[in-house]
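Heads up: the structure comes next, in structure tokens.
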Amino acid sequence: MQLVAPVKLLPTTQQADVLARTLERANAARSWIAARGAERGVRGRTALHRLTYAEARERFGTSAQMTVRAIGSVVECFARDKRKTPRFRAHAAFPYDNRILRIGVDNVSIWTLEGRQAIPFVCGPRQRALLNGTQRTGECDLRPLPDGRWMLDVSVSVDTPALFEPNGWVGVDLGVANIATDTDGQVATGGHLNGLRRRHRRLRRKLQKRGTRAARRRLRDRSGRERRFATHVNHCIAKELVRRAERTGRGIALEDLSGIRGRIRARRSQRGVLHSWAFRQLRELIAYKAQLYGVPVAYVDPRNSSRECPRCGHIEKRNRPDRDRFRCVGCGLTGHADYIAALNIGSRAAVSRPDLTGVYAISHDAQSKAVCLS
């Protein structure tokens, strides 16, 4: 399994200027290579190399391996969408490999327009453990931050255990009001995060309407705060959920919400909330953390998960009279709608795996919990 260990570079003022000029030159070369390849209809690695390598080195003064990496990144862009010609920002992240970047104990040796530069770096204990205890593979992305700092994203390879056979499933219902609700009754509420998003949205609107230099500076200073906080919240939720599943020998069942934003219709007032919902990020964080511990993850069909009764199987819109309440019109089972959905998701994962010898039914204790939540 590949992970990314970000480290912070500490260049001098002169080294930072050299790094910036190197990125500008390399990204200009990438844009030129992409335009030349699109003009000639050449998008394969070998053909594009033969077409652009020599002229790119002469035009932009990049080294042999920098030019090779530029061609490789353009080919990857063409592979994603051959109809588009990529254009790279002047300070976009650029991929380095072992030939033009060496990582030492406390510094990196990196190729620039003015030759090799030895630049010290700092990182946290987790990143240090990844750099010291794993094998570095693939590429490292050099990227500048808006505040003038420089980061190096190092790709490392770690060994992961084999997935164990689960003795049950932790069903997880994802939502906006409650970010995650599981079958153990644990609820990660989204009130604080949603309130923070509303405050940020109001402040951005106010500053953008003002349009002064001070307002634009304030917008730049606050850029990314909401995203970073939401990512931190998702990391905490995923870590706690995976550790609990690993400790109890269960798998994790998630809703397959792919394409949900295109399927549902939202009022104008709800669009901001819907499109800031980071459910995919949370799902990916749970998946990669679960792989590190050998916890299996299943994705199930979410249709009618909050309208189906886990006791009698009755599905009807009237089973959910409002957002929070569930009351089965067939058997009278009541409970919190998100918890009922989590029970259904967990039971669907149990019956949708062909390699299991038995079907995991909802236990009587789980049904009792649902009744007690009314």
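Here SER109 meets each of (1) crowded, with 18+ Cβ neighbours inside 10 Å; (2) touching a Lys or Arg at 6+ places or on another chain (Cβ under 9 Å); (3) not charged (D, E, K, R) with one exception, condition (1).
For THR231, state whether it is of a type in the set (S, T, N, Q) and not assigned by TED's automatic domain parsing to the domain that holds ALA350. Don't jump to the end; show me each part of the working.
Numbers: of a type in the set (S, T, N, Q): yes; not assigned by TED's automatic domain parsing to the domain that holds ALA350: no.
Judged against the criteria, THR231 is not a match.
The criterion of at least 1 residues that are more than 30 Å from GLU165 (Cα to Cα), under 20 Å from the mean Cα position of the chain (by Cα) and of a type outside the set (Ser, Thr, Tyr) is met by the following helices (runs of 4 or more DSSP H) wholly inside segment 211-300: 225-248, 260-263, 268-275.
So that you can scan it fast, the table gives a plain yes or no per residue for (1) under 15 Å from VAL18 (Cα atoms); (2) touching a Gly at 6+ places or on another chain (Cβ under 9 Å); (3) modelled with pLDDT of 90 or more:
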residue: ARG87; (1), (2), (3): no, no, yes
residue: PRO95; (1), (2), (3): no, yes, yes
residue: ILE110; (1), (2), (3): yes, no, yes
residue: LEU113; (1), (2), (3): yes, yes, yes
residue: ALA118; (1), (2), (3): yes, yes, yes
residue: THR137; (1), (2), (3): no, no, no
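Check ARG89, ARG30, ARG36 and return the single one that is in the same structural domain as ARG143 (by TED's automatic domain parsing), closer than 23 Å to ILE110 by Cβ and assigned to a helix (DSSP H, G or I).
Details: ARG89 fails: assigned to a helix (DSSP H, G or I); ARG36 fails: closer than 23 Å to ILE110 by Cβ.
Of the residues listed, the single one that is in the same structural domain as ARG143 (by TED's automatic domain parsing), closer than 23 Å to ILE110 by Cβ and assigned to a helix (DSSP H, G or I) is ARG30.
Table: residues versus (1) charged (D, E, K, R); (2) without any contact (Cβ under 8 Å) to a residue 24 or more places away in the chain; (3) over 15 Å from ALA341 (Cβ atoms).
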site	(1), (2), (3)
PRO161	no, no, yes
PHE164	no, no, yes
GLY168	no, no, yes
GLY171	no, no, no
ASP182	yes, no, no
ALA188	no, no, no
LEU196	no, no, yes
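Using the structure shown, decide if ARG213 is modelled with pLDDT under 90 and either hydrophobic (A, V, I, L, M, F, W, C) or over 16 Å from GLU284 (Cβ atoms) (or both). When the stated conditions are applied, ARG213 does not pass them.
Looking at segment 143-172, which of its residues are within 19 Å of the chain's Cα centre (by Cα) and assigned to a strand (DSSP E or B)? If the condition is that a residue be within 19 Å of the chain's Cα centre (by Cα) and assigned to a strand (DSSP E or B), then ARG143, MET151, LEU152, ASP153, VAL154, SER155, VAL156, SER157, VAL172 are the ones that fit.
Among the residues examined, ALA26 does not qualify as more than 30 Å from LEU292 (Cα to Cα) and either surrounded by fewer than 19 Cβ atoms within 10 Å (Cβ to Cβ) or aromatic (Phe, Trp, Tyr) (or both). When segment 181-210 is examined, which residues are found to be of a type in the set (Val, Ile, Thr) and modelled with pLDDT under 90? The one that is of a type in the set (Val, Ile, Thr) and modelled with pLDDT under 90: THR189. When ALA54, ALA70 are checked against the criterion of being at pLDDT 95 or above and buried (at least 20 other Cβ atoms within 10 Å of the Cβ), ALA70 stands alone in meeting it.
Here are the criteria: (1) small (Gly, Ala, Ser); (2) surrounded by fewer than 21 Cβ atoms within 10 Å (Cβ to Cβ); (3) under 26 Å from the mean Cα position of the chain (by Cα). Tell me which single one ALA20 does not satisfy. Of (1) small (Gly, Ala, Ser); (2) surrounded by fewer than 21 Cβ atoms within 10 Å (Cβ to Cβ); (3) under 26 Å from the mean Cα position of the chain (by Cα), only one is false for ALA20: (3).
Yes or no, residue by residue, for (1) outside the structural domain of ASN27 (by TED's automatic domain parsing); (2) at pLDDT 95 or above; (3) exposed (fewer than 12 other Cβ atoms within 10 Å of the Cβ):
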| residue | (1), (2), (3) |
| --- | --- |
| SER63 | no, no, no |
| VAL75 | no, yes, no |
| ASP81 | no, no, yes |
| ARG128 | no, no, no |
| GLY133 | no, no, yes |
| GLY148 | no, no, yes |
| ASP153 | no, no, no |
| ALA162 | yes, no, yes |
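The values are calculated or read from the model by the stated rules, or taken from the named source; none is laboratory data. Because the structure is predicted, anything quoted here is derived from the model rather than measured. Note that we place each Cβ from the backbone using ideal geometry, even for glycine, and neighbour counts take in every protein chain shown.
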